[in-house]
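K.L.:
Sending over a structure as structure tokens; questions will come in a sec.
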Amino acid sequence: MPKARHQFVCQNCGAVSPRWNGRCEACGEWNTLVEEGDGGIASGPGRPLRKGRLVQVERLDAETQEAPRIASGIVELDRVTGGGFVLGSALLLGGDPGIGKSTLLMQASSALARRGNCVVYVSGEEAVGQVRLRAQRLGCANSCVSLLAETNVENIITTLSARKAPALVIVDSIQTLWTESVEAAPGTVSQLRASAQAMIRYAKSSGATVVLVGHVTKDGQIAGPRVVEHMVDAVLQFEGEGGHHFRILRGIKNRFGPTDEIGVFEMSDKGLREVANPSELFLGERLRAAPGAAVFAAMEGRRPVLVEIQALVAESALGTPRRAVVGWDSARLSMVLAVLEAHCGVRLGGHDVYLNVAGGYRISEPAADLAVAAALVSSLANAPLPEQSVYFAEVSLSGSLRPVSQAAGRLKEAQKLGFAQAVYAGTGQKEAAAGLSHVTLSSLADLVVDLVSTGAQSLQRAGVAGR
Ligand code: TYD
Ligand code: MG
């Protein structure tokens, strides 16, 4: 065996460097290079290639069967995987520590075992007793899920191969696994990559679904599961805001299904509960007709979600007024403020502006611009927006409103939840939601003029003048 060489591997992106650097040249992260052996893998010129064997070549137009799947019956989970876990595939479930990955997978294991599938839960982080206690709390302890507290990949694969072939293997988590074939500490990129590769090979050869759990940490010392992302067939991300009880399962990559689907869950004392109608969750605690609140008809992939945007505009005592945003992009807020100032005569230069998306939800769509502008003007004027209205449109720098995609889906959801009016850009999708009254605008100034005419006196008092 050739002598193992030493090299420096970035724990964030996996780039290899022959020298130590303070900063990884590939991804720009600081303090992420760690010395690792290359496991004695021979590389470079001078080593003759072994004679290989012939491999069968296939036709592209040949018939192929749909990949067989195992559905858990947890609708929100099955939707994101595209109808159930594909047998023989490998998935990575990422998410911050404590978000509920182990809880979700324990509930999924139990549901699948109850449907007659053989499930093995490999826990590298928690002892068997801990996993059992959690399962008891979740009410899924009586199902026939086999537990395995082990971190050595060779031991895991040998144990799995000696038993009845499982349909699903959960590995919680990939960061705790280590293999003897690599000379590096558990948790380093080399170990992570080799262990994941071994588990993925096991999935392909045995026909079991392997779900790898990966913690996402900003700390460079623990290997980010990014190096595993391109090795697996699907990457799911479990997200949530600290302090809020809802969680979103998002498909980031899926070789066997859609990536624009989300699953919504609520964390309760009995584990994760499915949320069939997310809009009701986000609008649940809404106060009727409060100034500074506007409902935005958002889209999460192909799923409409109505959320409330709250703004507070208050006179500033500071030389430089404060702008604070939770759940939205602060650069985008500055842009909307500039457009309101330049094209609509709304002066906010002497005001502090606070913007919050209710329920801890995060919006990344530019379609929220109009709802944000409406909430801002409403707060400044201390005049509530018309009750039962939803808003969606993108604001351009010229002050005009641009239509956004999937308007029909957004309108349908608003109608379903009993909203009476939709304010948006474009020609209208009246046929899509006949029960709504449609207000189609072409510029942001039109919205301000509209608000002026409804809450005239209070708007004028606050110093807002529509053009
Ligand atoms: P866990 O699944 O252990 O998170 P992860 O595996 O992603 O690190 O979930 C941890 C959190 O979930 C913990 O803070 C407690 C909370 N939780 C509940 O609120 N209810 C429950 O029934 C369970 C099992 C956990
Ligand atoms: Mg866990």
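The values are calculated or read from the model by the stated rules, or taken from the named source; none is laboratory data. Remember, predicted model here, so these are calculated numbers, not experimental data. Quick reminder, even Gly has a Cβ in these numbers, built from the backbone with ideal geometry, and neighbours come from all protein chains shown. In case anyone asks, the SASA skips ligands and DNA or RNA and just uses the protein heavy atoms, side chains included. Shrake-Rupley method; radii C 1.70, N 1.55, O 1.52, S 1.80 Å.
K.L.:
Just wondering, is there one or more residues in the range 146-160 that are within 12 Å of ligand 1 (Cβ to nearest atom) and buried (at least 21 other Cβ atoms within 10 Å of the Cβ)?
P.N.:
So far as the range 146-160 goes, no, none of its residues is within 12 Å of ligand 1 (Cβ to nearest atom) and buried (at least 21 other Cβ atoms within 10 Å of the Cβ).
K.L.:
Those residues that are more than 16 Å from Ala234 (Cβ to Cβ) and near ligand 1 (Cβ under 10 Å from one of its atoms), I need them from the range 80-113; list them, please.
P.N.:
Result: Asp96, Pro97, Gly98, Ile99, Gly100, Ser102, Thr103, Met106, Gln107.
K.L.:
Any residue in the range 393-416 that is acidic (Asp, Glu), modelled with pLDDT of 85 or more, open to solvent by less than 60 Å² (accessible area, probe 1.4 Å) and farther than 27 Å from His343 by Cα? Before the answer, list the steps.
P.N.:
Start the filter on the range 393-416 by keeping residues that are acidic (Asp, Glu), which leaves 394, 413.
From what's left, modelled with pLDDT of 85 or more: 394, 413.
Pick out the ones that are also open to solvent by less than 60 Å² (accessible area, probe 1.4 Å) and you get 394, 413.
Within this subset, residues satisfying the condition of being farther than 27 Å from His343 by Cα are 413.
Yes, there is a match, as at least one residue in the range 393-416 is acidic (Asp, Glu), modelled with pLDDT of 85 or more, open to solvent by less than 60 Å² (accessible area, probe 1.4 Å) and farther than 27 Å from His343 by Cα.
K.L.:
If you go through the range 119-134 one residue at a time, do you hit one that is away from ligand 2 (no atom under 16 Å from the Cβ) and farther than 26 Å from Lys270 by Cβ? Write out each step before concluding.
P.N.:
Taking the range 119-134 and keeping what is away from ligand 2 (no atom under 16 Å from the Cβ), we get 119-120.
Narrowing further to those that are farther than 26 Å from Lys270 by Cβ: none.
Looking through the range 119-134, none of the residues is away from ligand 2 (no atom under 16 Å from the Cβ) and farther than 26 Å from Lys270 by Cβ.
K.L.:
Another question, if that's okay. Filter the range 364-388 down to the residues that are open to solvent by less than 10 Å² (accessible area, probe 1.4 Å) and closer than 20 Å to Tyr424 by Cβ and list them by number.
P.N.:
Pass one, the range 364-388, residues open to solvent by less than 10 Å² (accessible area, probe 1.4 Å): 367-378, 381.
If the condition is that a residue be open to solvent by less than 10 Å² (accessible area, probe 1.4 Å) and closer than 20 Å to Tyr424 by Cβ, then Ala367, Ala368, Asp369, Leu370, Ala371, Val372, Ala373, Ala374, Ala375, Leu376, Val377, Ser378 are the ones that fit.
K.L.:
Using beta carbons and a limit of 6 Å, which pairs, at least six apart or on different chains, have the first residue in the range 137-151 and within 21 Å of Ser173 (Cβ to Cβ) and the second one open to solvent by 50 Å² or more (accessible area, probe 1.4 Å) and within 16 Å of ligand 2 (Cβ to nearest atom)?
P.N.:
Pairs found: Ala149/Ala127.
K.L.:
Can you find even one residue in the range 404-416 that is closer than 24 Å to Val326 by Cα, part of a helix (DSSP H, G or I) and of a type in the set (Asp, Glu)?
P.N.:
no
K.L.:
While we're on this one: Checking the structure you have, find out if any residue of the range 95-115 is closer than 23 Å to Arg201 by Cα, open to solvent by 10 Å² or more (accessible area, probe 1.4 Å), away from ligand 2 (no atom under 13 Å from the Cβ) and not hydroxyl-bearing (Ser, Thr, Tyr).
P.N.:
no
K.L.:
Quick one: is Ser206 surrounded by 22 or more Cβ atoms within 10 Å (Cβ to Cβ) and at pLDDT 90 or above?
P.N.:
Working: surrounded by 22 or more Cβ atoms within 10 Å (Cβ to Cβ): no; at pLDDT 90 or above: yes.
In short, no.
K.L.:
Can you pull out every residue in the range 228-249 that is within 27 Å of Val326 (Cα to Cα), in a strand (DSSP E or B) and open to solvent by less than 60 Å² (accessible area, probe 1.4 Å)?
P.N.:
If we filter the range 228-249 for residues that are within 27 Å of Val326 (Cα to Cα), which is where we start, we get 235-249.
Pick out the ones that are also in a strand (DSSP E or B) and you get 235-239, 246-249.
If the condition is that a residue be within 27 Å of Val326 (Cα to Cα), in a strand (DSSP E or B) and open to solvent by less than 60 Å² (accessible area, probe 1.4 Å), then Val235, Leu236, Gln237, Phe238, Phe246, Arg247, Ile248, Leu249 are the ones that fit.
K.L.:
Could I ask something else about it? Any chance you could count how many residues in the range 81-114 are over 11 Å from Leu272 (Cβ atoms) and in contact with a Leu (Cβ under 6 Å, 6 or more places away or on another chain)?
P.N.:
3
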